[in-house]
Amino acid sequence: MITLGALTGGIELGLIYSILALGVFLSFRTLNTPDLTVDGSIVTGGAISASFCTFGFPFAPVLGLIVAFIGGAAAGAVTALLNTKLRIQPLLAGILVMLGSYSINLRLMGDRANLPLMSGDTVYTSAKAFFSEEWGSMVFGALILAALIALLYFFLKTRLGLALRATGDNEEMVRASGVGSGNMKLLGLSLSNGFVGLAGGLLVQYQGYADIGMGVGMVVIGLASVIIGEVIFGTSRLIRRLIAVALGAVVYRLVLAVALSLGMKATDMKLISAVIVVIALSLGAFGESFSLRNKKKVMRDA
Amino acid sequence: MLDIRGMNKIFGAGTVNEKLALRDVDFRMEPGEFVTVIGSNGAGKSTLMNCIAGVYYPDGGTVTLDGKDITRQPEHKRAKLIGRVFQDPLKGTAFDMTVEENLSIAYHRNQPRGFQRGVSKADRALFREKLELLGMGLENRMREKAKLLSGGQRQALTLFMAVIAGPRLLLLDEHTAALDPGAAKKVLELTDEFSQAGGLSTLMITHNMKAALSHGTRTILMKDGGIVMDISGAERDAMTAQKLAEKFEIDNDRMLL
């Protein structure tokens, strides 16, 4: 049977993966581009966060998270520029940045494949000291997530946010309306990978180490979270959709926690993630989506 | 207003598929003019329009709008002065966004896009007031997503979005071709109405010769990348679709309808 500890652990991790899911939502849904940069930018965020924690000065963990966001955003910006300026296909641009960032991430971690946080001070230890030993991590994770969802929601409702959303929807219309679609892709992919970098930064501080291999399959986990959330919690309005996507990551983690407690091998996780995404995509269980599939369907219905 | 000089456009230069889509086109439009463009497929109509809109750059010649050379200006920058409606109703609106969000994107094309509220109360009131004038009931569906609208409604909305920010030039690329006759008529009526806006010049491509002669103030005919006929005034009033077809040996029956 699943223990309370496994349950809270699943939720705490889920709250971190929610931020990853929001990042993937931005690229996959808002910009209509599956962005593979994620597998690299999450490690970039994690490596930066870990390095800052090892510095050990006051507020280093918080500062590390901010720089992790910027580091992730920089990776996303490179992908966007490869796509818009050099006309490399989005998928390939993401793969190239993912590959290139591997070397950068190793350097960020001082040429080590694994960087444990020896000093021990992280945002989570502070949160535990401030709230309570038992619930500190969860309260902190929930607060950060709520703040990010609110910020993202209000941003997507601004003039700039509308232009960004329309870019994934209909690039021609956006250009005809005086919006530089290349700039919007730059903004969107930067923001998306900024979220991913932040998630990586939090993950590292939560688990107490950074690992060069921690990014493998993260984009699939993000996609799975987006799809699960949308299917379970609905997509009728933007705010509902953002919350749905975030909760999708928590559900995903909880399901994994249960599966692990029932004896599934931890190393099978990635296969399960891939299978979940395959099933969801093949069933067309998209909810209301920006995808071409639905566009055609609506045309038929009209 | 719009002044095109010596415009050339070659597709697939140096390949076996090389095609001279525009050859030394000179074309001027005055403020307030409504020009209809006819010609068979491959005559260069859409290429001309796309070179004006900046979808691609011409290989030779210049485009001047309001005295400013925009030949090499990026598409999204010149969109501040140019409104466009495409043939495909799906291309004109952002599918998964609401009617008012679509309008907002079009309406604020001349203003900085920052962290201002996407659709303000004042915007909403203005959109409602103007949508009522379309007479399609869209004013009551402002919070619905664009994909829920019919093709005709969507094309009317696109047309409205194209003129809402007060452009100097309106480009219509067979914008009624994909609509049923009733919706096409309505959209053409709206086109006539909007083109009356002070100082707005309209360029409309159509495959329908009757529509080409009954709408607007001037008609040009394109063939093999050049303008072979340019009529207005009494000469145009005396012209019929039948005469046009005979004169230019247009073999396309569809254009006579």
Next on the checklist: Just checking, does the stretch A:26-38 include any residue being hydrophobic (A, V, I, L, M, F, W, C), open to solvent by 20 Å² or more (accessible area, probe 1.4 Å) and within 25 Å of A:Leu186 (Cβ to Cβ)?
Outcome noted: yes
Checklist entry - Failed condition for B:Gly114, given (1) touching a Ser or Thr at 6+ places or on another chain (Cβ under 9 Å); (2) surrounded by fewer than 20 Cβ atoms within 10 Å (Cβ to Cβ); (3) within 24 Å of B:Lys186 (Cα to Cα), with all others met? => result (3)
Checklist entry - Of all helices (runs of 4 or more DSSP H) completely enclosed by the stretch A:117-177, which ones contain at least 1 residues that are under 20 Å from the mean Cα position of the chain (by Cα) and within 14 Å of chain B (Cβ to nearest Cβ)? => result A:136-156, A:159-169
Next on the checklist: Of everything in the stretch B:20-41, what is surrounded by fewer than 15 Cβ atoms within 10 Å (Cβ to Cβ) and either at pLDDT 90 or above or in contact with a strand residue (DSSP E or B) (Cβ under 8 Å, 6 or more places away or on another chain) (or both)? Give them in sequence order.
Outcome noted: B:Asp24, B:Asp26, B:Arg28, B:Glu30, B:Pro31
Checklist entry - So which helices (runs of 4 or more DSSP H) are wholly in the stretch B:34-150 and hold at least 2 residues that are touching a Gly at 6+ places or on another chain (Cβ under 8 Å) and within 14 Å of chain A (Cβ to nearest Cβ)? => result B:75-78, B:99-107
Checklist entry - In the set A:Ala266, A:Ala166, A:Ala249, A:Ala176, which member is surrounded by fewer than 24 Cβ atoms within 10 Å (Cβ to Cβ) and among the aliphatic types (A, V, I, L, M)? => result A:Ala266
Item to check | Residue list for the stretch B:175-219, restricted to those being open to solvent by less than 20 Å² (accessible area, probe 1.4 Å) and closer than 26 Å to A:Val179 by Cβ | outcome: B:His175, B:Val187, B:Leu190, B:Thr191, B:Ser195, B:Leu200, B:Ser201, B:Thr202, B:Leu203, B:Met204, B:Ile205
Checklist outcome for this item: Screening A:Val219, A:Val231 for residues that are farther than 29 Å from B:Leu170 by Cα, more than 14 Å from chain B (Cβ to nearest Cβ) and buried (at least 24 other Cβ atoms within 10 Å of the Cβ) leaves only A:Val219
Next on the checklist: Just to check your reading of the model, which residue among A:Ala259, A:Ala210, A:Ala280, A:Ala224 is open to solvent by less than 30 Å² (accessible area, probe 1.4 Å) and closer than 26 Å to A:Pro61 by Cβ?
Outcome noted: A:Ala210
Checklist entry - Conditions: (1) in contact (Cβ under 8 Å) with a residue 24 or more places away in the chain; (2) within 26 Å of B:Ile227 (Cβ to Cβ); (3) exposed (fewer than 15 other Cβ atoms within 10 Å of the Cβ). B:Ser150 meets all but one. Number of the miss? => result (2)
Checklist entry - Is it the case that A:Ser101 is more than 14 Å from every other protein chain (Cβ to nearest Cβ), over 30 Å from B:Leu170 (Cα atoms), part of a loop (DSSP other than H, G, I, E, B) and open to solvent by less than 50 Å² (accessible area, probe 1.4 Å)? => result no
Item to check | Matching residues, the stretch B:62-77, being of a type outside the set (Val, Ile, Thr), within 17 Å of B:Met1 (Cβ to Cβ) and surrounded by fewer than 20 Cβ atoms within 10 Å (Cβ to Cβ) | outcome: B:Asp66, B:Gly67, B:Lys68, B:Asp69, B:Gln73
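The values are calculated or read from the model by the stated rules, or taken from the named source; none is laboratory data. Keep in mind the model is a prediction, meaning the values are calculated, not measured. Cβ sites come from the backbone with ideal geometry, for glycine too, and all protein chains shown count toward neighbours. Surface accessibility is based on the protein's heavy atoms, side chains included, excluding ligands, DNA and RNA. Shrake-Rupley method; radii C 1.70, N 1.55, O 1.52, S 1.80 Å.
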